[in-house]
Amino acid sequence: MTQVFDRPIRGREFFEEVIRDNLDQGRPDRVQPLFEWKVTKRTPGRFQTRVIQNGVHPSLHITYKKSDVKLELNTEATLATIEKFKPNAVVVATGAQRWIPDIPGMEAPHVLHAEDVISGAKTTGERVVIVGGNQIGCETAWLLGEQKKKVTIIGKYAAIGMDINPATMSYLSMKLREFGVNIVTESYPKTVSKDGITIFNKDWKEQKIEADTIVIATGYRSNFEFAESIKKIVSKVFTVGDCLEPASILEAVHRGSKLGRLIEELA
Ligand SMILES: Cc1cc2nc3c(=O)[nH]c(=O)nc-3n(C[C@H](O)[C@H](O)[C@H](O)COP(=O)(O)OP(=O)(O)OC[C@H]3O[C@@H](n4cnc5c(N)ncnc54)[C@H](O)[C@@H]3O)c2cc1C
């Protein structure tokens, strides 16, 4: 089902209603922390439901406080740290690798990655070209538009936001229009220079776009190197989540849950 709202306030009302309707999710008989894993009244633990409202974003937090999983926080997994546990199996969920096009000028200091811009770790100049018109490129454009930056998105497809659901995209498009974001489709980056980027445009002609900062949002790729190296010390090594195939939070959690149960069956 796709819900389309004529005004942002209607969207907020909808989500608040969903939250109200789900306030009983914290009851033990309703909680399902992992897919297909039912919690019953006899399951030990504490259950709690809270509605948290940060600014205008209400969210529902469901806590299930009981786990046999031992956490080793602030620890980098290396062959040495893994070996210490003498594991029967290792699940590698170390996330995806950034994919960056190999074009001249990419290593310049005014070329930033979208993740660093979104997280606030890096700051852009006033004129920004974003290379990549999918979800992360569009969200970065929205953020920079709000900061009153002059933004251009370069996308390789005929439209941007092809990986975003249509209802969200229609709102996002409205925002990008509101911020005057320039959208250049069916284009590919050729070279980055000190004062901008040269692209091949949709007529396959070279076109220069001036910019102070180039932001890379060209996607991610799977990452098997670490998992392969672990096979030297443990025979059962599994990869899951974005390191197997970049996707979404839901996919990563779902596949992780399935894999957990598969390993239990194998043990
Ligand atoms: C900017 C951005 C926006 C996104 N927005 C959305 C969204 O709105 N909705 C959505 O569903 N998905 C979104 N995604 C995708 C989503 O974040 C991923 O699909 C999901 O986080 C994958 O989960 P994961 O556990 O496989 O990997 P990650 O979440 O990447 O987690 C991997 C973890 O492993 C740690 N790690 C790596 N190597 C080691 C090591 N050697 N030792 C110990 N720890 C290590 C990393 O520090 C990291 O904490 C977004 C992604 C990005 C980059």
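A compact table of results
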item: Footprinting exposure proxy for Phe238, Phe15 (fewest neighbouring C-beta atoms within 10 Å first); result: Phe15, Phe238
item: For Ala211, distant residues with modelled amide H under 5 Å away; result: Gly196, Ile197
item: Sorted by Cβ neighbour density within 10 Å, fewest at the top, the residues Lys258, Lys232, Lys190; result: Lys232, Lys258, Lys190
item: The range 113-267: Cα Rg divided by the 2.2 N^0.38 Å rule of thumb; result: 1.29
item: Average Cα contact separation per residue, the range 165-267, under 8 Å, 6 or more apart, as relative contact order %; result: 13 percent
item: Three principal axis lengths of the range 132-219 [C-alpha, angstrom, descending]; result: 35, 26, 21
item: Rough spin-label spacing in nm, given labels placed 7 Å along Cα→Cβ, for Glu76 and Glu186; result: 4.6 nm
item: Packing-based exposure ordering (other Cβ within 10 Å, fewest first) of Lys149, Lys86; result: Lys86, Lys149
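FYI, it's all coordinate maths here, none of it is from the lab. None of these values were measured; they are calculated from a predicted model. No Cβ is skipped: glycine too gets one built from the backbone with ideal geometry, and neighbour counts run over all protein chains shown.
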